[in-house]
Ligand SMILES: Cc1ncc(COP(=O)(O)O)c(C=O)c1O
């Protein structure tokens, strides 16, 4: 660990520790203990997950079987949910001696794969309006019965209302989430079990219908979620070095498409406009060109946390300009 951000090789992914700590505290106040099941897909770091476990959130969500494997390898074994469908169940079954692993299923085929792989417990994943995974309510009971006949524990239901994360008007968001969760409740009445799992950072303030909320981005945030006025601030930035200054009005720094997840648009900069990103470059139009010289450092805010983190090997944890720790992005490529 180096002691100042000025010595970091760029582009460098940087986490502001005081902001991260405030985000955790704000979420703990809203969703204490097992009311929150942190989703590791956003930050892909078992070091970070361990901090959340130590806060009293021992149950995690993952998006891929390999994220589950990484959590088990790090000893985070108490209650892991693969909040996603998979046919790749063999290793999940093998790990079930060491960890409580639950897998979402929404079809006979994914249920058969769970049984075949030796998975011991499932949630029935319900379509609550996002055109992605999840079955219709009228299929849920039959799937749950089949799972129980096969000897699996059916722990309940999940339904991810991802299409409602970015509804800006809070009362409209609450109304629409309530309608989506009414679908999930109907399924839960049929399926049984203790768990009703759903939600995410964007709906964490309004979704009072789930027994647990699957949120991950709140830890680090990004410019898109920042628009919602949630009680979380941006903790994640990419540090870059100015490598060229052009008197026609722009400067160029050494972080581009390979340093930022760009599906939600350009990163943002506090000292001017981001003109565009190319593979290894970002071209910036500063408010004051005269303020900038080759060798200066710039900090840019990513628009989408998950794919940005996945591009980097580690996060440098900083307090101001002091580097205090580094967290490997060890669930990367998983
Ligand atoms: C199944 C599932 N649950 C929850 C989330 C919420 O994650 P976040 O809090 O990062 O928005 C996601 C994000 O894509 C997801 O796919």
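Since every read-out is calculated from the coordinates, none of them should be taken as a lab result. Small disclaimer: the values here were computed from a predicted structure and weren't measured. Positions of Cβ are generated from backbone atoms using ideal geometry, with glycine treated the same way; all protein chains shown enter the neighbour counts.
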**OP:** Distance between Cα centroids, region 159-228 to region 4-38: provide it in whole Å.
**Re:** 21 Å
Subject >> Listed peptides 127-135, 313-321, 154-162 by packing density, highest first (mean Cβ within 10 Å) >> reply: 154-162, 127-135, 313-321
**OP:** Select from 268, 278, 121 the residue whose mean-square fluctuation is largest in a Gaussian network model of the chain (Cα-Cα springs shorter than 10 Å).
**Re:** 278
**OP:** Please report 208, 283 as a ranked list, fewest other C-beta atoms within 10 angstrom at the top and most at the bottom.
**Re:** 208, 283
Original post:
Computed over the Cα atoms, what is the radius of gyration of region 55-94 divided by 2.2 N^0.38 Å, N being its residue count?
Top reply: 1.12
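Could you tell me the relative contact order of the chain? Use alpha-carbon pairs under 8 Å, at least six residues apart, and round to a whole percent. Please report the intermediate quantities before stating the final value.
Details: 788 pairs, mean separation 70.9, N = 334.
This gives 21 percent for the chain.
I want to verify the translational diffusion coefficient of region 117-216 in µm²/s; compute it with Stokes-Einstein, Rh as the Kirkwood radius over Cα pairs, at 4 °C and 1.567 mPa s.
Values: Rh = 13.6 Å.
Taking Rh from Cα pairs, D becomes 95 µm²/s.
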Original post:
Angle between the Cα long axis of helix 137-149 and the longest principal axis of the chain, 0 to 90 degrees, nearest 10?
Top reply: 70 degrees
Original post:
Under the definition of Cα pairs under 8 Å and six or more residues apart, what whole-number percent is the relative contact order of region 143-258?
Top reply: 20 percent
**OP:** Please identify, among 13, 284, 220, the residue showing maximal mean-square fluctuation in a Gaussian network model of the chain using a 10 angstrom Cα cutoff.
**Re:** 284
Original post:
Relative to the longest principal axis of the chain, what angle (0 to 90°, nearest 10) does the C-alpha long axis of helix 17-30 take?
Top reply: 30 degrees
Original post:
Going by how many other Cβ atoms sit within 10 Å of their own, how do 234, 41 line up, fewest first?
Top reply: 234, 41
**OP:** Within 10 Å, count the other beta carbons around each residue, average over each peptide in 181-188, 212-219, and list them highest first.
**Re:** 212-219, 181-188
**OP:** Using Cα centres only, tell me the gap between region 40-92 and region 97-131 in whole Å.
**Re:** 15 Å
**OP:** Specify the angular offset, from 0 to 90 degrees and rounded to the nearest 10, of the alpha carbon long axis of helix 108-117 from the longest principal axis of the alpha carbons in the chain.
**Re:** 90 degrees
**OP:** Write down the radius of gyration of region 226-334 and its Dmax, each obtained from C-alpha positions, in Å.
**Re:** 14.4, 44
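Any idea what the relative contact order of region 188-334 is, in percent, if you count C-alpha pairs under 8 Å spaced at least 6 apart?
20 percent
Can you give the convex hull volume per residue for the Cα atoms of region 192-251, as a whole number of Å³?
Each residue corresponds to 110 Å³ of Cα convex hull volume.
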